[in-house]
Amino acid sequence: MTMPWFIRRILGIVPTLFLTWSIVFGVLQLIPGDPVMLALGGTPASDEVLDNERRRLGLDQPVYIQYLTFLKKMAVGDLGNGYSSKQPVSEMIAARMRPSLELALGGLLVGIVLGVALGIAAGLRPHGWIDTAMMSSALVGVSLPSFWIGMLLIYVFGLQLEWVPILGDGIDALILPSITIGLFLAGGLARLIRSALIETMTQDYIRTAHSKGLSAVRVVAKHAMRNAIIPPITLLGLQFAVLIGGAVVTERVFARAGLGSMLIDAVLTKDIPLVQGLVVYTTTAYIVINLLLELLYGIVDPRIRSRRA
Amino acid sequence: MTTAAPAAATTILPPRRLIARTLGAPGAVAGSIILAVLVFGAIFAPLLSPFDPNATRVCPRLAAPSFTHFFGCDLFGRDIFSRILYGARLSLAVGLLTVAISLVAGTIFGMVIAFLGGRVDRIGVRLLDVMLGFPAIVLAILIVAVLGVGAFNAALAVGISGIPRIARVIRSATLTLVGREFVESARAVGASQTRILRRHLLPNLLPIVIVLGSLDLGGAILSTATLSFLGLGAQPPTSEWGAMLSAGREFMRYAPWTMIFPGLALFLAVMSVNLVGDRLSHVLDPRASGHG
Amino acid sequence: MAEAPLLAVESLSVAMGVTPVLEDVSFRIAPGETLGLVGESGCGKSVTALSIMRLLPNPPGRIIGGRILFDGTDMLSLDIGALRAIRGDRIGMIFQEPMTSLNPVYTIGDQIGESLIFHRGMNGRTARSETAKLLDLVGIPAARNQLDRYPHELSGGQRQRVMIAIALACRPRLLIADEPTTALDVTVQAQILDLIGRLRHELGMAVLLITHDLGVVAEFCDRVAVMYAGRIVEEAPAAQLFKQPRHRYTEALLHTMPAANPPGRKLPSISGTVPAPADRGEGCIFAPRCGFAIPRCANELPPLTEPPHRLRCWNPA
Ligand SMILES: Nc1ncnc2c1ncn2[C@@H]1O[C@H](COP(=O)(O)OP(=O)(O)O)[C@@H](O)[C@H]1O
Ligand SMILES: [Mg+2]
């Protein structure tokens, strides 16, 4: 009896998670300096205090024991305590998740609306004016520093026109950062939708759909989109995964206290458990969302389901 | 049969023709001109800049652009134009360093695992896949956490985080080569493994390596500037565009030029490199020319 | 043909970009009649079929002249809404490529039921039971649980049966079948043709059967039109055309039929190739390949004569 395809896929991520966590652990082992000193924040301490602290953090054990302990803790979601706050890292992450999640959703919303509209417009009329404008500005788009765009948005709409607040927790303070993220997302998304749609619209089954008398909207929305949708969904999913780990740059530009700015602060203060916890969180989210995407492909495209079965 | 394995041909055009063909598109011409101006400014920064980039109080704090201070002044009364010129030096140098790190390490890694094949290849690919599972910026930040902040370390971090992408492409390109006749015959005549790698595989991979590098340079400049903007790269008072933008962010209400001009310089640099790189990769397109 | 025709194609001309691919194509189909359209690959059969439904890919395809009257209305002047009301309802179409003509991500039940829901206003449940009946009709047994299968789970023959079910869902008055069996195994070909033949009588519909297989035409069609390089060169009742082909091209085509040749011998083929549109002279396009060409053939285009036996030839058999 073979396992259903989705169970196999779910089990398949275990080694990936394990390897990823191992790399995080290994890389952070390379940090020069005595972790105990870092944990104490550089305050001078007697050897006895240092030894106690070392024992408490398990740093007196050989590295491979530390490694195994690390893996065991990660597997149950125990990310340790931050050096500077002494709080559990998982709680610190949970407390800062909201601003990042809001921004991720806001950016995704702007990106999808803009990207889908442009991508469809360009894909249905290759070499039309929307397409030409889009394709010729693509290189310009990827060359724009997102933090500069963010600042220009603040300057124009926040400071000069005073249309939106530039700080705060309100939904209106989310507008400019969402646009900043959304613009960049939309560029990539529109190009993917465009090429997938151009490819799909020449397929024989599109002709069949027209021969049934269906409307152009229905042919595109039902028959073309579902076939063209996998690459754009992949892009969106992976971008979302990166964003829920914190839009590092945008959070900095708009002074939002999310996970991204927490990561930067953790690096600057050499708070190793916090860096480790945040990177583990981000990469795990990335892997899990990747998995969810694959499960979604199976729902969208029956051929994938049976190939994996 | 002679004992020498047939030399593998490469697709690299003579430089003059390469340049001529690269300039055969308006975007690339515009890119080249901007890039030439930037490179010129970077090289001759000491001669061209009207002020010492680090000298404070050469003008009133946050003074607006004027005929003496083209791009205005920053909080410490430093001349922004001069700082941008020196910033070009740093950005271009750091960009090249970054790409060199990714290319050298990525090419060696990809080439060797593909050439050795078998278990080495499987493990190598697995490792690459896992590394590619890290969002690029997170990987770079993680490496900075180890190395510590600074312009050089930021370049190193971005360079290292770019290795897996390069390695993956080079690996597949190598795989298509190792089965080819000239490699087989080199093996048959008993050439050593390093000799095959160096004399037969590497020259054939060169066009792809150049394409990858030219496509990566813009992104590398942008990423290192991003790290500096985040405070993880070049530190004050270094004249670096990302760091200047970060400082300019605080005062843009009163002195928008502190962020407009460094951002514009960064944007133009990245775009010009991308325009030229994009065109160059079309001209050299390894798939079209079969890299053989 | 005293009856008013169901379909009348009149002087249809089509270009692909700047290249003319159909020139002055005319034919009629009476209600319930089957017309065979034959000719070598590339002569414009599919373009003709797609033009009737206005499904030509545009760009590059453009209809540059002529009329297409279906039941008295000119398809070419209909607005898109009226055109869609005809597509799939009164004219059904099946294509040469069963493997790719079905949408891979929807069940066959969904794809067949779609036209019923759109044209007949059925709800999902009624459409489903009607779809099951249609599958029975086209010979896919155990229809109920087949409804939820996906195209990739079916063989080529089964997919073509599904295509037929889609085309026939609304009981059209005209079926356009563009080489419905070319991509299938020989044994399956016969089954599919049998099916179309049977349903044609059951539903009383007219058929435009496009093929390059003259054997199929002989067995199947009331009348036959022969196309060469974008033009109709001969058209006659099937029996007459096979007994007494008059155009030299038709004659040559008949010689290439397996039935016309002793078994085991290699089939003859017509020598030479169809000239590219740019290389076509003033006269009969077949003249360069024709063994019976007279001087006039190269200089002057022969006109198409009147029914019942239409012919475009200066020196007929
Ligand atoms: N989409 C297209 N683009 C350009 N030319 C086409 C296209 N479809 C058909 N043609 C050209 O039109 C002519 C007729 O093709 P077609 O009707 O498909 O022939 P067939 O008789 O084999 O069905 C051919 O010369 C073909 O090259
Ligand atoms: Mg055809």
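Is it the case, given these coordinates, that A:Ala216 is within 12 Å of another protein chain (Cβ to nearest Cβ), surrounded by fewer than 18 Cβ atoms within 10 Å (Cβ to Cβ) and not charged (D, E, K, R)?
The answer is yes for A:Ala216.
Given the residues C:Ala165, C:Ala169, C:Ala177, which is the only one that is touching a Ser or Thr at 6+ places or on another chain (Cβ under 6 Å), buried (at least 22 other Cβ atoms within 10 Å of the Cβ) and within 14 Å of another protein chain (Cβ to nearest Cβ)?
The conditions single out C:Ala169.
Is it true that B:Gly27 is surrounded by 16 or more Cβ atoms within 10 Å (Cβ to Cβ), closer than 24 Å to A:Pro145 by Cβ, in contact with a Leu (Cβ under 7 Å, 6 or more places away or on another chain) and modelled with pLDDT of 85 or more?
no
Being assigned to a helix (DSSP H, G or I) and not hydrophobic (A, V, I, L, M, F, W, C) is the filter; apply it to the stretch B:21-69 and report the residue that is farthest from A:Leu139 (Cα to Cα).
Going through the qualifying residues, I end up with B:Pro46.
Quick one: is C:Glu114 within 16 Å of ligand 2 (Cβ to nearest atom), crowded, with 19+ Cβ neighbours inside 10 Å and not β-branched (Val, Ile, Thr)?
It is false that C:Glu114 is within 16 Å of ligand 2 (Cβ to nearest atom), crowded, with 19+ Cβ neighbours inside 10 Å and not β-branched (Val, Ile, Thr).
If C:Phe95 satisfies every condition in (1) away from ligand 1 (no atom under 11 Å from the Cβ); (2) hydrophobic (A, V, I, L, M, F, W, C); (3) within 9 Å of chain A (Cβ to nearest Cβ) but one, which is the exception?
Exception for C:Phe95: condition (1).
Can you confirm whether the stretch C:100-107 contains a residue that is at pLDDT below 95, in contact with a helix residue (DSSP H, G or I) (Cβ under 9 Å, 6 or more places away or on another chain), away from chain A (no Cβ under 14 Å) and more than 16 Å from ligand 2 (Cβ to nearest atom)?
The answer is no; no qualifying residue exists.
Among the residues of the stretch C:4-17, count how many are surrounded by fewer than 21 Cβ atoms within 10 Å (Cβ to Cβ), away from ligand 1 (no atom under 11 Å from the Cβ) and either more than 28 Å from C:Ala239 (Cβ to Cβ) or not hydroxyl-bearing (Ser, Thr, Tyr) (or both).
Number of matching residues: 5.
If you scan the stretch A:256-283, which residues turn out to be more than 9 Å from chain B (Cβ to nearest Cβ) and either within 24 Å of A:Val116 (Cα to Cα) or not in a helix (DSSP H, G or I) (or both)?
A:Arg256, A:Ala257, A:Gly258, A:Thr269, A:Asp271
Residue by residue, here is whether (1) open to solvent by 50 Å² or more (accessible area, probe 1.4 Å); (2) touching a Gly at 6+ places or on another chain (Cβ under 9 Å); (3) not polar (S, T, N, Q) holds:
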position	(1), (2), (3)
A:Ile233	no, no, yes
A:Leu274	no, yes, yes
A:Leu292	yes, yes, yes
A:Leu295	no, no, yes
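Being among the acidic types (Asp, Glu) and out of contact with any Asp or Glu (no Cβ under 7 Å at 6 or more places or on another chain) is the filter here; which residues of the stretch C:74-97 pass it?
C:Asp74, C:Asp79, C:Asp89
What helices (runs of 4 or more DSSP H), lying completely within the stretch C:87-184, carry at least 1 residues that are under 21 Å from A:Thr200 (Cβ atoms), among the charged types (D, E, K, R) and in contact with a Pro (Cβ under 7 Å, 6 or more places away or on another chain)?
C:156-168
Kindly list the number of the only condition in (1) farther than 27 Å from A:Ser178 by Cα; (2) more than 7 Å from chain C (Cβ to nearest Cβ) that fails for A:Ala221.
Result: A:Ala221 fails condition (1) only.
If you scan the stretch C:141-192, which residues turn out to be within 16 Å of ligand 1 (Cβ to nearest atom) and of a type in the set (Ser, Thr, Tyr)?
Correct list: C:Thr181, C:Thr182.
Within the bounds of the stretch A:99-110, is there any residue that is charged (D, E, K, R), touching a residue at least 60 places away in the same chain (Cβ under 8 Å), closer than 17 Å to A:Val275 by Cβ and buried (at least 16 other Cβ atoms within 10 Å of the Cβ)?
no
Can you tell me which residue in the stretch C:22-57 is nearest to ligand 1 (Cβ to nearest atom), limited to those that are β-branched (Val, Ile, Thr) and closer than 17 Å to C:Asp74 by Cα?
C:Thr48
Can you report the number of residues in the stretch A:148-173 which are at the interface with chain B (Cβ under 9 Å from one of its Cβ atoms) and surrounded by fewer than 11 Cβ atoms within 10 Å (Cβ to Cβ)?
0
Mind checking which residues of the stretch B:160-186 are in contact with a helix residue (DSSP H, G or I) (Cβ under 7 Å, 6 or more places away or on another chain), at pLDDT below 85 and open to solvent by 10 Å² or more (accessible area, probe 1.4 Å)?
Matches in the stretch B:160-186: B:Val178, B:Phe182.
Determine which single condition B:Gly219 fails, assuming it passes every other condition in (1) open to solvent by 20 Å² or more (accessible area, probe 1.4 Å); (2) within 13 Å of chain A (Cβ to nearest Cβ); (3) out of contact with any strand residue (DSSP E or B) (no Cβ under 9 Å at 6 or more places or on another chain); (4) modelled with pLDDT under 90.
Failed condition: (4).
Of all residues being open to solvent by less than 50 Å² (accessible area, probe 1.4 Å) and touching a helix residue (DSSP H, G or I) at 6+ places or on another chain (Cβ under 6 Å) in the stretch A:1-16, which is nearest to the other protein chains (Cβ to nearest Cβ)? Just the residue, please.
A:Thr16
Six or more apart or on different chains, Cβ under 7 Å: which pairs go from a residue in the stretch A:135-153 that's of a type in the set (S, T, N, Q) to one that's open to solvent by 40 Å² or more (accessible area, probe 1.4 Å)? Could you list them?
Going by the 7 Å Cβ cut-off, the qualifying pairs are A:Ser146/A:Phe184.
Looking only at the stretch C:201-230, count how many residues are surrounded by fewer than 24 Cβ atoms within 10 Å (Cβ to Cβ), among the small types (Gly, Ala, Ser) and within 16 Å of ligand 1 (Cβ to nearest atom).
Count: 1.
The values are calculated or read from the model by the stated rules, or taken from the named source; none is laboratory data. As the structure is a computational prediction, the values presented were derived from the model and not from experiment. Note that each Cβ is placed from the backbone with ideal geometry, even for glycine, and that neighbours are counted across all protein chains shown. Remember, those area values only see protein heavy atoms, side chains included, never the ligands or the DNA or RNA. Shrake-Rupley method; radii C 1.70, N 1.55, O 1.52, S 1.80 Å.
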